[in-house]
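Take a look at the structure below.
The values are calculated or read from the model by the stated rules, or taken from the named source; none is laboratory data. These figures come from a predicted structure and were not determined experimentally. Cβ atoms come from the backbone with ideal geometry, glycine included; neighbour counts cover every protein chain shown. Keep in mind that these areas ignore ligands, DNA and RNA; they rest on the heavy atoms of the full protein, side chains included. Shrake-Rupley method; radii C 1.70, N 1.55, O 1.52, S 1.80 Å.
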Amino acid sequence: MAKDNRFVRIYSQDSFTTSMQIWVDKETGVNYLASALHGSGYGLTPLLNRDGTPVVSPLPIEED
(Lines give C-alpha, C1' and ligand atoms only; values in the text may rest on other atoms or scores of the structure.)
Protein backbone atom coordinates (compact mmCIF):
# COMPACT_ATOMS: atom_id res chain seq x y z
CA MET A 1 0.00 0.00 0.00
CA ALA A 2 1.33 3.43 -0.91
CA LYS A 3 2.50 5.58 1.99
CA ASP A 4 0.57 8.63 0.73
CA ASN A 5 -2.87 6.97 1.10
CA ARG A 6 -5.01 8.68 3.73
CA PHE A 7 -6.91 5.54 4.76
CA VAL A 8 -5.60 2.16 5.85
CA ARG A 9 -7.61 -1.05 6.21
CA ILE A 10 -7.06 -2.64 9.62
CA TYR A 11 -9.67 -5.43 9.54
CA SER A 12 -11.48 -7.51 6.94
CA GLN A 13 -14.12 -10.23 7.22
CA ASP A 14 -15.59 -11.84 4.13
CA SER A 15 -18.25 -14.43 3.45
CA PHE A 16 -19.89 -15.71 0.29
CA THR A 17 -22.39 -12.82 0.15
CA THR A 18 -20.95 -10.02 2.29
CA SER A 19 -17.76 -8.17 3.07
CA MET A 20 -17.02 -6.12 6.22
CA GLN A 21 -13.95 -3.93 6.65
CA ILE A 22 -12.68 -1.39 9.13
CA TRP A 23 -10.73 1.54 7.69
CA VAL A 24 -8.82 4.17 9.70
CA ASP A 25 -8.22 7.76 8.64
CA LYS A 26 -4.46 8.24 9.20
CA GLU A 27 -4.91 11.99 9.81
CA THR A 28 -7.68 11.83 12.43
CA GLY A 29 -7.56 8.23 13.69
CA VAL A 30 -11.34 7.88 13.17
CA ASN A 31 -12.46 4.30 12.34
CA TYR A 32 -15.04 3.59 9.61
CA LEU A 33 -17.06 0.44 9.04
CA ALA A 34 -17.48 -0.46 5.37
CA SER A 35 -19.91 -3.18 4.37
CA ALA A 36 -20.79 -4.62 0.99
CA LEU A 37 -23.51 -7.00 -0.05
CA HIS A 38 -22.02 -8.52 -3.19
CA GLY A 39 -23.98 -7.36 -6.20
CA SER A 40 -26.29 -5.05 -4.24
CA GLY A 41 -24.45 -2.09 -2.76
CA TYR A 42 -21.90 -0.65 -0.40
CA GLY A 43 -22.18 1.27 2.88
CA LEU A 44 -19.74 3.35 4.91
CA THR A 45 -20.29 4.77 8.41
CA PRO A 46 -18.16 5.91 11.34
CA LEU A 47 -17.64 3.08 13.82
CA LEU A 48 -19.15 4.17 17.15
CA ASN A 49 -18.44 3.41 20.79
CA ARG A 50 -21.25 2.41 23.13
CA ASP A 51 -21.75 6.06 24.15
CA GLY A 52 -22.15 7.18 20.51
CA THR A 53 -18.73 8.76 20.09
CA PRO A 54 -16.54 7.69 17.16
CA VAL A 55 -13.91 5.01 17.68
CA VAL A 56 -10.51 6.73 17.38
CA SER A 57 -7.24 4.81 17.02
CA PRO A 58 -4.03 6.24 18.47
CA LEU A 59 -1.83 8.02 15.92
CA PRO A 60 0.35 7.28 14.04
CA ILE A 61 -1.40 4.28 12.51
CA GLU A 62 0.90 1.30 11.95
CA GLU A 63 0.62 -0.15 8.43
CA ASP A 64 1.46 -3.70 7.35
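Per residue, how large is the accessible surface of segment 7-64? Use a 1.4 angstrom probe and give square angstrom.
Details: 4140 Å² over 58 residues.
Per residue, segment 7-64 has 71 Å² of solvent-accessible surface.
What's the magnitude of the charge dipole for the chain around its Cα centre, counting Lys and Arg as +1 and Asp and Glu as -1 at the beta-carbon? Answer in Debye, nearest 20.
Value, rounded to 20: 120 debye.
Counting only C-alpha contacts under 8 Å and six or more residues apart, can you give the relative contact order of segment 13-61 as a whole percent?
33 percent
Using +1 at the C-beta of Lys and Arg and -1 at the C-beta of Asp and Glu, which of Trp23, Gly41, Ser57 has the Cα lying farthest in the positive direction of the dipole of the chain?
Towards the positive end, the residue furthest out is Gly41.
Restricting everything to alpha-carbon atoms, can you work out Rg to Rh for the chain with a Kirkwood hydrodynamic radius?
1.00
What part of the accessible area of the chain, given as a whole %, is carbon or sulfur when the probe is 1.4 angstrom? Show your work: numbers first, answer last.
Working: 2660 of 4770 Å².
Ligands and nucleic acids excluded, carbon and sulfur give 56 percent.
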